[in-house]
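Undergrad: Input: one structure, supplied below.
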Amino acid sequence: MGALCMGLLIHSCKKAGDGGNKRNLSSGMVAEGYVIKPSHFENKLTVTANLLPYETVDIKTPVAGTVLSIHFKEGQKVNKGQSLVQIDDRVWKAQIKGLKAQLAAGKEELQRKEALLTAEGASQEEVDAARSGVLQLEAKIEELSVYVSLASVPAPFSGQVGMRDFSVGAYLSQGQIITQIAQSDRLKIDFNLPGRYINQLSAEKEVKVVSNNDTLMASIYAVNPLIDENTRTIQVRALLDNRNNWLSGDFAQASLILDVQDSALVVPSQLIAPELGAETVFVCKNGKASKRKVTTGVRTEKIVLITGGLAVGDTLLATGLMQVREGIPVKIEKTVSSAEL
């Protein structure tokens, strides 16, 4: 068993060292080649995303008072404008009834004073005082009417309500949370991308979203114009129709294609050698090895987009990269595809 492992190790090291080429120090080397051809290339990014409800809000008590009735069940779907809670408004309604009676009398008194003013039976000050009294009564009735309207707490939009921590008869302070409501028939997809891609994003660009092995398509609707100075990323939001009933707050993966090129030059990543301040490849030109600097763009796990330094038809050395030197004779034994490397 030990001899077998040692043999496999020696064979593996030998193959990694010579890349499968037949090296001859006197006559050069034999290698496999990779020919540059125009390729279809998609610049695709996949990032972690958050699922957010399209709308969500804490519903709070607008006025303090005792709860007369509750019109929702926890977790229930409700419609916009539907009353959720009724606060006791009976005192305000009674006050309004009394003030309306005073207002009717006040208006009659004002009309009488105005008539007497014409006949010089009343002063202007008396008329002004009567008019002021009418205006004050109208303002008080309007104020109490607002309290009455606020006592019935409606759903601000259609959605699903959360839990409640009170019962009928409880006294709720102004601003106390009644429940939460979330609109989840649509979801926001929130994710960040490197800032350099900001010019490649546009409204309605499609995003593939995967959550718990389920897939839905979304469309970008907003891009933050400011790059985060700490992370150098931009915030992006997309919108999807939540027909699969995904839960907001869950994590997901968002994938989008930023750019498509039909005649791109791509090279298997293992054929590029990083050097100080540069990236290089070896090209077989006129039967000899020639080192060439290249400029690169987007890269994936397997391929690199070449933006400069190579042209269609160039043949790159695909094996023997550990032994090759500038100018040595090279014979291309066969050409290989990226799938064979």
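Undergrad: Considering region 130-175 alone, what residues qualify as being in contact (Cβ under 8 Å) with a residue 40 or more places away in the chain, over 12 Å from Ile87 (Cβ atoms) and aliphatic (A, V, I, L, M)?
TA: Correct list: Ile141, Leu144, Ala155, Val161, Met163.
Undergrad: Sticking with this one: Counting just the residues of region 109-155 that are surrounded by 14 or more Cβ atoms within 10 Å (Cβ to Cβ) and not in a helix (DSSP H, G or I), which one comes out modelled with the lowest pLDDT?
TA: The extreme case among them is Ala122.
Undergrad: Across region 276-317, what is the number of residues that are hydrophobic (A, V, I, L, M, F, W, C), in a loop (DSSP other than H, G, I, E, B) and within 19 Å of Ala264 (Cβ to Cβ)?
TA: Count: 3.
Undergrad: Name the pairs whose Cβ atoms lie under 8 Å apart, with the first residue in region 300-324 and on the phi > 0 side of the Ramachandran plot, the second assigned to a strand (DSSP E or B) and modelled with pLDDT under 90, and 6 or more positions between them or separate chains?
TA: That search, which allows pairs on different chains as well, returns Gly320/Arg23.
Undergrad: Determine whether region 225-241 contains at least one residue that is closer than 28 Å to Glu74 by Cα and either aliphatic (A, V, I, L, M) or within 11 Å of the chain's Cα centre (by Cα) (or both).
TA: Yes.
Undergrad: Which of (1) hydrophobic (A, V, I, L, M, F, W, C); (2) over 35 Å from the mean Cα position of the chain (by Cα); (3) under 20 Å from Gln76 (Cα atoms) does Val146 not meet, given it meets every other one?
TA: Unmet condition: (3).
Undergrad: Tell me whether region 319-341 contains one or more residues that are under 30 Å from Ala182 (Cα atoms) and surrounded by 16 or more Cβ atoms within 10 Å (Cβ to Cβ).
TA: No, the conditions are met nowhere in region 319-341.
Undergrad: Next question, about the same structure. Sort through Thr231, Thr335, Thr300 and tell me the only one that's of a type outside the set (A, V, I, L, M) and more than 30 Å from Asn212 (Cβ to Cβ).
TA: Of Thr231, Thr335, Thr300, the one residue that is of a type outside the set (A, V, I, L, M) and more than 30 Å from Asn212 (Cβ to Cβ) is Thr335.
Undergrad: Tell me, please, whether a residue that is modelled with pLDDT under 95, part of a loop (DSSP other than H, G, I, E, B) and surrounded by fewer than 17 Cβ atoms within 10 Å (Cβ to Cβ) can be found in region 61-71.
TA: no
Undergrad: Which residue out of Glu301, Glu326 is outside the structural domain of Ala238 (by TED's automatic domain parsing) and under 32 Å from the mean Cα position of the chain (by Cα)? If you could, list the steps in order and put the result at the bottom.
TA: Values: Glu326 fails: under 32 Å from the mean Cα position of the chain (by Cα).
From the options Glu301, Glu326, the qualifying one is Glu301.
Undergrad: So if I check each of Val148, Val127, Val134, Val153, which one is of a type in the set (Val, Ile, Thr) and either within 30 Å of Leu187 (Cα to Cα) or out of contact with any helix residue (DSSP H, G or I) (no Cβ under 9 Å at 6 or more places or on another chain) (or both)?
TA: Exactly one residue qualifies, and that residue is Val153.
Undergrad: Same structure again: Go through region 162-176 residue by residue and tally those that are out of contact with any Leu (no Cβ under 7 Å at 6 or more places or on another chain) and either at pLDDT below 95 or under 28 Å from Ser248 (Cα atoms) (or both).
TA: 7
The values are calculated or read from the model by the stated rules, or taken from the named source; none is laboratory data. Please read these numbers as outputs of a predicted model, since none were measured by experiment. FYI the Cβ positions are ideal-geometry reconstructions off the backbone, even for glycines, and counts take in every protein chain you see.
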